[in-house]
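Data first, discussion second: the structure below is written as structure tokens.
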Amino acid sequence: MRHRGWAKASACAAGTLMLAVLGSAGAQDLSAYNAVATNLDAAYQTSGTNAEATLTQLDRATESFKQLEPTLRNRQIAGGISDALAGARAALARTPAEVQAQVLLARGLMRRALQDQTLTLLAGAPANGDAQLRVLAREFGLSTAAAQALSTDARAGRLERVAWRLQRSAALQVSAALASARPVRSGAAYLNLARATGWFTVVQNAQGVGTLKVEQFTGALQQLSAGETAALTQSLTALRTGTAALNRALANPPKAVATGSTGEGSNTPDSTPAPIPPPITTPEPTPDTTPTPPTTPAPATTGARSMDGVYGALGRALNAASYADGPAVRAALVSATTALATTSEAVRSDSSYPDLVQDLTAAQGRQALRPSDIQALIGEVGNLERRVAGEPVSLLNAVSAGVSRSFGGWLRVVMFALLALLAFVPLYLLNLAFGGRNTYWRAISGGLILLLLPLLLEGLLGLLGAVGDAAGVGFLRSATNFSLWQGAYGLPLWALTSALAIGLTAFGFRGLCEQFGLLGKPSMPQNATQQSLDWDEEV
């Protein structure tokens, strides 16, 4: 898990980060922040397996928080973190799930405080926020490219884009947690809802949040604790729908706004969520103890349990991928994840369901998505549907899913860019060996270029498209559309260039065969002898 890497990263970076922050008025003590985060993550890991170690880590987090608290500007958030720490310590006498839930809430409030104060710091001194930005990138799970883009936007004073990148990441985390939450009375469902609540505290004031409120999340937690399964199912549906709308609103970068507006709402009285309700004390019942009544469900329930919503969202993702609209693809994938979480209990209980959720979530954060990536996800959904129905699954779909999982994104882009570059090596050597004065050798060279054209276009245009997708530059992102492997329109062009290549190479090789007497009568036009001599000399 990412939490395990934070401990080592925090220990190495603490001194450097602290030096960077000393000259920044009003900035957080990053050394104390890292210490609190490291100890809380360690407490989360040991909860339920080693109560003594968990208590030790919580005590260390509390001591480190005494150093961090004076540097937190939002006193209500500081109070919320303090309450969560105290709640986690008290929960040691009850259940591990409550300890972990309180830790998740504290971590969410810490991220929110760090985000708000960093934006305030950047508004006054953009060059002094590098240390905070590095911690934010780690805390929000940003990739190397996304972290670099975050730093670039901060240095350019585009604070609305800095806030947008962080909010988009947090919203995706909320969707992923909700997608894994099930309307059953279990510790896993409780933790997924708590995780979603913690991440929502970061994004609750984002533009496009709509009617979503923290109270809806804590209300769902209360319903889960009370075993109100029917009400919880409705609440989860509403939360997933609202979060999907939020992700769609955050799919595209915001327009430039006045400096300082990104922090709006960060210090409002309602920016701290209500406390997490009491934990679950009863285990999840087995399927046999709660049989489904043999009645026909209402149309709304039938629609929620159908896979049609997943296919519909993936169809929109495939459509967007076919013309290289990366943000629309990722927004549709968020909707697919939400729709998948509303499917039937039989679907969500299947052993392949977590893998599909993980693949959908991973694809949402991946750059340079192509139609083949979405087709692989559709194949995974089809296999899951067939498994639930007791039908044999498609081996081809399973293989495609595995390939897409391991060979996609930047790995695929870099691989084809290198192959396109290496393709010039045989062309150069051919020209070096035989020169360009012989008509037949020129025809063969032209044929080889046409045969390699799909690879050359994919390498160049795929790289430009990936860079455009990562940087949010629309015309660069659209370069992928001119690759012969992007859509069905490339097949006839590929067939045409292949036909021309076959014709040129056949003409060239036949001419050489005639020239050396291997076919028909050797004809010796006036310049043929000179061409032959040229070739012999070069050989």
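The table for this structure:
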{"read-out": "Portion, in percent, of the accessible area of the stretch 303-455 that falls on carbon or sulfur, probe 1.4 Å", "value": "66 percent"}
{"read-out": "The stretch 70-198 - percent of accessible surface contributed by carbon and sulfur, probe 1.4 Å", "value": "53 percent"}
{"read-out": "Accessible area of Ser322 in the full protein assembly, 1.4 Å probe (Å², nearest 10)", "value": "50 Å²"}
{"read-out": "Label point distance in nm, Val399-Phe424, each placed 7 Å from Cα along Cα→Cβ", "value": "3.5 nm"}
{"read-out": "Per residue, in Å², the accessible surface of the stretch 408-483 once ligands and nucleic acids are set aside, probe 1.4 Å", "value": "50 Å²"}
{"read-out": "Segment Val414-Ser349, extension gain: residue separation times 0.36 nm, minus the distance between their alpha carbons", "value": "19.6 nm"}
{"read-out": "Paramagnetic reach from Leu493 (point 7 Å along Cα→Cβ, amide N under 18 Å) across the stretch 418-436", "value": "420"}
{"read-out": "Per-residue SASA entry for Thr152, accessible area with 1.4 Å probe, Å² rounded to 10", "value": "70 Å²"}
{"read-out": "Rounded to whole Å, sorted largest first: equivalent-ellipsoid semi-axes of the stretch 160-249, Cα gyration tensor", "value": "23, 12, 10"}
{"read-out": "Cα-projected label distance for Leu500 with Leu455, points at 7 Å along beta-carbon direction, nm", "value": "1.9 nm"}
{"read-out": "Length-normalised contact order for the stretch 183-244 - Cα pairs under 8 Å, 6+ apart - percent", "value": "43 percent"}
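The values are calculated or read from the model by the stated rules, or taken from the named source; none is laboratory data. From a predicted model like this one, the values you see are computed outputs, not experimental measurements. In this analysis, Cβ positions are derived from the backbone assuming ideal geometry, glycine residues included, and neighbour counts consider all displayed protein chains. Quick note on the areas: whole protein, heavy atoms, side chains included, nothing else; ligands and nucleic acids left out. Shrake-Rupley method; radii C 1.70, N 1.55, O 1.52, S 1.80 Å.
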